[in-house]
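One structure is given below, encoded as structure tokens.
The values are calculated or read from the model by the stated rules, or taken from the named source; none is laboratory data. Since the structure is predicted, the reported quantities are computational estimates derived from the model, not experimental observations. Protein only, heavy atoms only, side chains kept; ligands, DNA and RNA dropped before computing areas. Shrake-Rupley method; radii C 1.70, N 1.55, O 1.52, S 1.80 Å.
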Amino acid sequence: SEATAFLPFQEVSRGELKVGQLLETYVKKVKKEHKLAIVSTQRESLADSLTKEIESLTLDNLLPGMIFKCKVAKVHESGLVVRFLNFFFGTIDLFHLPLVGSGKGVEQFSEKQVVTARIISLDVGANRIGLSLRRHVLDSPPPPYVQADV
């Protein structure tokens, strides 16, 4: 089923737009009854955007750069196992935990704690998802995606 995206003028972060110009956007709101998505190009909003629960989302639909609210499922000395969207599990390596003082690695986390993390790697074949809690990773814009015929 097709959908349409609408970009209001107040959501444009750059100057003049041209027909056919490619834009990095994020979806602010979805109006299912009209098959319409309201989008924005504002960078600060883009970096803070969270991927919400979507029906029929599969591992194949996940992309590096997506941001999720995650619940810590297990704390290990080498990092965290987190659960997100009530279905997916991912790992956050010790080196992708936030730097908080000296000697505060995994000790700053507990099971069932909610954290915001960004996908940094996907291995669909091995069913592995790597995430990061580092502030500079969360604040960075997502990588550009290129649509191509394969």
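For this structure, a couple of remarks:
- The stretch 27-69, subset among the small types (Gly, Ala, Ser) and outside any strand (DSSP E or B), residue modelled with the highest pLDDT: GLY65
- Enumeration of residues in the stretch 90-113 that are open to solvent by 80 Å² or more (accessible area, probe 1.4 Å) and either assigned to a loop (DSSP other than H, G, I, E, B) or modelled with pLDDT of 95 or more (or both): LEU99, SER102, LYS104, GLU111, LYS112
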